[in-house]
Amino acid sequence: MPIRPARPSEAAALTALALRSKARLGYDAAFMAACRAELTLESGQIEADRTTVAEDDGRVLGFVTPTGAPPEGGTDLLFVEPDAVGRGIGRRLVEHLCAETAALGLTRIVVDSDSHAEPFYLALNAARTGTVAPGSIPGRELPLLTRYLTEPAPGR
């Protein structure tokens, strides 16, 4: 399954994919409306954010948008098409993200995870390191997860 840089012309399709993927978790219309801006990709940010997609037979099945600069990075967005969940696409995207960011000198990836996605990240060797409040939903807390790309320094 190829992983390639996303194209600016795919912004609307990636936004729709993110919204479908989030909605599959059972969130209601009010919640989805509240987080719509967070899940919207603009064509100008696709290349700047180094967004990558996983595709199969020309169909985009998932994407990831890395963030950060050495020593710490993360991901703003990681979504997989609902009908493709369980096929290892998310894992491939995270592995790609880790390899790419490690090559840039990052030593860890920190993710503000949806609570439904926390088990996924834990299965990929991340550890819960705290919680964070999202900007779109007041009063909500998200798991903060860290995956080290190199061995952490003693005491960390």
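Starting from residues that are within 11 Å of Ile89 (Cα to Cα) and touching a residue at least 40 places away in the same chain (Cβ under 8 Å), keep the ones in the range 38-65 and report whichever is surrounded by the fewest Cβ atoms within 10 Å (Cβ to Cβ). The selected residue is Asp56. The residues of the range 26-72 that are under 13 Å from Ala16 (Cα atoms), in a strand (DSSP E or B) and out of contact with any helix residue (DSSP H, G or I) (no Cβ under 6 Å at 6 or more places or on another chain) amount to a single one, Val60. Contact map, the range 92-109: first residue in contact (Cβ under 8 Å) with a residue 12 or more places away in the chain and farther than 12 Å from Ala54 by Cα, second residue of a type in the set (Gly, Ala, Ser) and not in a helix (DSSP H, G or I), Cβ cut-off under 6 Å, separation 6 or more or different chains; pairs are Thr101/Gly73; Leu106/Gly73; Ile109/Gly73; Ile109/Gly74.
Inside the range 32-66, residues that are over 11 Å from Ala11 (Cα atoms), hydrophobic (A, V, I, L, M, F, W, C), under 16 Å from the mean Cα position of the chain (by Cα) and at pLDDT below 95 make up a count of 3. Filtering the range 80-130 to residues that are of a type in the set (Val, Ile, Thr) and assigned to a helix (DSSP H, G or I) leaves Ile89, Val94, Thr101.
Cβ-Cβ contacts under 8 Å between residues 6 or more apart (or on different chains), taken from a first residue in the range 69-81 that is over 27 Å from Ala13 (Cα atoms) and in contact (Cβ under 8 Å) with a residue 12 or more places away in the chain to a second residue that is charged (D, E, K, R) and part of a strand (DSSP E or B), are listed as Pro71/Arg108; Glu72/Arg108.
Against the numbered list (1) under 19 Å from Leu19 (Cβ atoms); (2) among the β-branched types (Val, Ile, Thr); (3) without any contact (Cβ under 8 Å) to a residue 60 or more places away in the chain, Val85 comes up short only at (3).
Residues of the range 2-15 that are surrounded by 13 or more Cβ atoms within 10 Å (Cβ to Cβ) and of a type in the set (A, V, I, L, M, F, W, C): Ile3, Ala6, Ala11, Ala13, Leu14. Glu118 meets the conditions (1) within 28 Å of Ala37 (Cα to Cα); (2) of a type outside the set (A, V, I, L, M, F, W, C); (3) loosely packed, with under 15 Cβ neighbours inside 10 Å; (4) in contact (Cβ under 8 Å) with a residue 12 or more places away in the chain in every case but one. The failed one is (3).
The values are calculated or read from the model by the stated rules, or taken from the named source; none is laboratory data. Predicted model only: the values in this text are computed from it and were never measured. So basically every Cβ, Gly included, is an ideal-geometry build from the backbone, and we count neighbours across all protein chains shown.
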